[in-house]
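The values are calculated or read from the model by the stated rules, or taken from the named source; none is laboratory data. Since the model is a prediction, treat every value here as computed from it, not as a measurement. Cβ placement follows ideal geometry from the backbone for every residue including glycine, while neighbour counts extend to all protein chains displayed.
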Amino acid sequence: MMNDRILPFSLAINEALDLMMARDENVFLIGQGVKSPWYVGNTTQGLLSRYGALRVIDTPVSENAVTGSAVGAAIAGMRPVVVHPRTDFLMYGLDPVINEAANWNYMFAGNAPVPVVFWLIVNRGGEQAAQHSQALHALFAHIPGLKVVMASNAYDAKGLLISAIEDNNPVVYIDDRWLYNTSCFIPAGVYRVPIGAAAVKKTGRDITITALSFMVGEAMAAADMLKEDGIAAEVIDLRSVKPLDIRTVVRSVRKTRRLLVVDNGWMTCGVSAEISACVSERLPGGLVSGIRRIALPDVPAPASRTLEKVYFPAADHIVRKAKQMVRKGIR
Amino acid sequence: MKRILSNRDAAGLYRSMFRIRVCEESFIGPIMRGIIRCPVHLCTGQEAVAVGVCAALSRHDLIFGNHRSHGHYLAKGGDLNKLVAEVYCRRDGCAGGRGGSMHLRDVSAGMLGSAPIVAGTISLAVGAGLAMKIARKSGVAVSFFGDGAAGEGVLYESLNLAALKRLPVIFVCENNLYSTHMPIRECRVSKDIYKIARPFGARAWQADGNNIFTVLAKAKKAVSLCRSGRGPVFLEFLTYRMHGHVGPDDNVQGAHTDIRPPAEIERWRRKDPVLFLRRYLTGSGVLSEKAVAGLESGVMNEIARAHALALTSSFPGPRTLRKHVYDE
């Protein structure tokens with residue numbers, strides 16, 4: 001019985017969409033490829049036959065108009081989920097996200113909610129190069145009025161998507177296709193993972209490692225390796241980039257007094273910079289070996305596998321950096 | 001055309017147009033005195049488009065506007081006092097002083113919002129049309145935009161999407177011949193904007209935007225097509241803004257903004273849409289001169305009261321700065 005509910009990340013998304021569409025007729029799905037496994041894998045399987053083409057709307061490549069029509073439908077009272085199977089293509093449609101959806105409730109002084117979910121899929125790796133792979137969560141997190149969430153596992157993928165659809169604000173839901181085949185136990189029915197709450201995935205006293213999305217798995221693998229060297233790492237899955245649960249991070253760092261921030265976006269002005277700044281402000285002088293960051297180098301994604309290997313950080317990078325930090329600092 | 005209107009309706013149209021005109025002109029003094037500081041884009045000269053289109057709509061139909069939307073807001077039934085207070089950026093404005101002249105909204109009247117990114121609300125109206133289609137409502141969504149928006153790619157994407165999904169959307173292009181400082185001949189090869197819609201499979205017409213009867217007839221036709229599942233429709237109305245792009249400056253050649261030939265402005269002054277309807281009403285005996293004058297003085301008093309009321313409203317308090325970033 002339990003084993004029936006071990007589901008991959010992609011089917012966790014499918015369940016969230018299915019449950020929410022069944023529960024609320026204002027929820028609909030729109031975007032390029034929503035009926036094509038080629039674009040969205042099995043995340044939308046069965047939805048078209050269950051809910052019809054009025055609520056599962058495949059569209060031509062018109063990112064600006066499609067994103068804008070999702071925002072407009074939300075303003076008119078619906079709860080759309082608009083998918084961009086490659087985040088990069090949404091760059092054509094940033095006006096409705098940043099100028100309209102994010103500002104709408106504020107610029108009309110409230111009572112102007114925009115309950116839309118922008119579902120963006122990161123497709124890094126696979127020699128897809130610079131325009132098929134970008135993780136742009138920092139860009140969206142910069143904008144007042146948006147919320148940004150990134151699940152690291154199938155359980156959170158479902159719970160965060162349900163929370164995002166129920167939220168009255170525009171939520172950018174970013175997932176990583178590298179996670180689609182990872183599985184875990186998924187409760188049936190509706191459950192929620194709160195937006196704005198990080199999760200402590202592993203407790204430890206020597207060093208705090210924060211990560212997001214795909215990098216949480218790498219951080220957990222790194223923590224296992226560090227344990228063999230007698231280093232107890234605490235791993236925090238941020239889950240939300242905005243609002244950022246900095247209190248959970250600070251609480252952990254107050255204990256470990258070492259912070260290694262791992263991000264799957266770029267270094268400059270990225271999430272790692274934000275977390276470093278927030279922790280420095282709250283714990284001045286409270287750290288034994290400074291704050292260190294692991295993020296993408298400030299370089300576009302390359303195609304060739306030899307370059308990809310050094311471009312994308314992995315567990316062994318985290319282990320190396322964490323060891324340096326723990327050895328350097330004396331508790 | 002005029003026969004489709006009762007005398008009462010015709011008088012109502014005049015009242016609505018005259019009200020927008022007086023409202024627009026009433027902002028000039030406070031702008032010159034520095035009391036109103038936000039950018040104000042006056043729609044003087046374009047009243048017939050807003051009033052004619054909105055007269056064809058019901059309260060449940062939804063509209064979106066642009067930077068020049070005082071007229072759209074009022075014609076759709078938006079609250080006058082809240083508009084005036086918003087232009088003064090006061091707490092009692094329709095956007096609580098957070099929006100100013102370019103961000104108007106009155107949901108109770110079906111005015112979902114105006115915003116100044118050129119063409120930015122066109123796709124939002126397509127979304128509102130989509131929402132009505134999904135919910136199987138008979139409503140229509142209208143997007144008001146200017147000729148400048150025809151330079152933005154999203155208009156073409158939106159036309160295709162709306163036509164492909166047969167959405168009840170009316171694209172209303174107010175062609176006032178200028179995109180900020182730039183005359184239309186410097187913006188595009190063809191002056192006929194409406195023709196862009198036809199290759200997408202949408203019905204499209206061009207009409208005199210200064211003749212309220214023409215505007216109303218075209219809008220009614222568009223609404224009825226949309227309600228019967230034969231939308232979208234593209235309406236291009238030829239019109240002219242009597243003031244410059246922003247503020248009370250008229251952008252006359254020779255003055256510092258140096259844009260429009262005085263003879264052109266004069267030519268359009270003779271086609272004033274408010275005076276056109278007034279002449280029709282009094283000339284055809286629909287309303288006596290005395291009745292028109294009575295109606296006009298009532299409107300002027302209403303506008304004067306709106307200003308007085310706005311000035312009694314306080315500015316939003318500094319402590320409210322962070323309110324409303326999210327819907328809590």
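Each row is one residue, and each column tells you yes or no for (1) part of a loop (DSSP other than H, G, I, E, B); (2) free of Cβ contacts under 8 Å to residues at least 60 places away in the same chain; (3) basic (Lys, Arg).
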{"residue": "A:Val279", "(1), (2), (3)": "no, yes, no"}
{"residue": "A:Leu307", "(1), (2), (3)": "no, yes, no"}
{"residue": "A:Pro313", "(1), (2), (3)": "yes, no, no"}
{"residue": "A:Ala322", "(1), (2), (3)": "no, no, no"}
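With the condition kept exactly as written, say whether any residue in the stretch A:159-175 is among the β-branched types (Val, Ile, Thr) and within 14 Å of chain B (Cβ to nearest Cβ).
Yes - at least one qualifying residue is present in the stretch A:159-175.
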Next on the checklist: For the stretch A:268-297, give me the residue count where each residue is surrounded by fewer than 16 Cβ atoms within 10 Å (Cβ to Cβ) and under 20 Å from the mean Cα position of the chain (by Cα).
Outcome noted: 4
Next on the checklist: Tell me which strands (runs of 3 or more DSSP E) are completely within the stretch A:5-93 and hold 1 or more residues being more than 13 Å from chain B (Cβ to nearest Cβ) and modelled with pLDDT of 95 or more, or say none if there are none.
Outcome noted: A:6-8, A:79-84
Next on the checklist: With the requirement that a residue be part of a helix (DSSP H, G or I), of a type in the set (S, T, N, Q) and loosely packed, with under 11 Cβ neighbours inside 10 Å, what does the stretch B:302-323 give you?
Outcome noted: B:Thr312
Checklist entry - Would you say A:Ala109 is within 7 Å of another protein chain (Cβ to nearest Cβ) and farther than 14 Å from B:Gly113 by Cα? => result no
Checklist entry - For the stretch A:100-138, how many residues are in contact with a Lys or Arg (Cβ under 8 Å, 6 or more places away or on another chain) and of a type in the set (Gly, Ala, Ser)? => result 5
Checklist entry - Quick check: anything in the stretch B:144-158 surrounded by 24 or more Cβ atoms within 10 Å (Cβ to Cβ), within 12 Å of chain A (Cβ to nearest Cβ) and in contact (Cβ under 8 Å) with a residue 40 or more places away in the chain? => result yes
Checklist entry - Just one of the numbered conditions (1) out of contact with any strand residue (DSSP E or B) (no Cβ under 7 Å at 6 or more places or on another chain); (2) crowded, with 23+ Cβ neighbours inside 10 Å; (3) among the aromatic types (Phe, Trp, Tyr) is not true of A:Phe28; which one? => result (1)
Item to check | Residue in the stretch A:8-22 that is in the same structural domain as A:Ser163 (by TED's automatic domain parsing), touching a helix residue (DSSP H, G or I) at 6+ places or on another chain (Cβ under 8 Å) and closer than 29 Å to B:Ser114 by Cβ present | outcome: no
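Which members of the stretch B:77-95 meet the condition of being at the interface with chain A (Cβ under 10 Å from one of its Cβ atoms) and crowded, with 24+ Cβ neighbours inside 10 Å? Show your work before the answer.
Filtering the stretch B:77-95 for residues at the interface with chain A (Cβ under 10 Å from one of its Cβ atoms) gives B:86, B:91, B:93-95.
Within the stretch B:77-95, B:Glu86, B:Gly93, B:Cys94, B:Ala95 meet the criteria.
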Checklist entry - Just one of the numbered conditions (1) closer than 20 Å to B:Tyr178 by Cβ; (2) touching an Asp or Glu at 6+ places or on another chain (Cβ under 8 Å) is not true of B:Gly78; which one? => result (1)
Checklist entry - Among the residues of the stretch A:226-247, which ones are of a type in the set (A, V, I, L, M, F, W, C), in contact with a strand residue (DSSP E or B) (Cβ under 8 Å, 6 or more places away or on another chain) and closer than 20 Å to A:Phe140 by Cα? => result A:Leu238, A:Val241
Checklist entry - If we keep just the residues of the stretch A:41-80 that are within 23 Å of the chain's Cα centre (by Cα) and among the aliphatic types (A, V, I, L, M), which is surrounded by the most Cβ atoms within 10 Å (Cβ to Cβ)? => result A:Ala70
Checklist entry - How many of the residues in the stretch B:68-108 are under 16 Å from the mean Cα position of the chain (by Cα) and not in a helix (DSSP H, G or I)? => result 10
Checklist entry - Residues A:Ala188, A:Ala130, A:Ala223, A:Ala199: which one is out of contact with any strand residue (DSSP E or B) (no Cβ under 8 Å at 6 or more places or on another chain) and either of a type in the set (Phe, Trp, Tyr) or more than 30 Å from A:Met91 (Cβ to Cβ) (or both)? => result A:Ala188
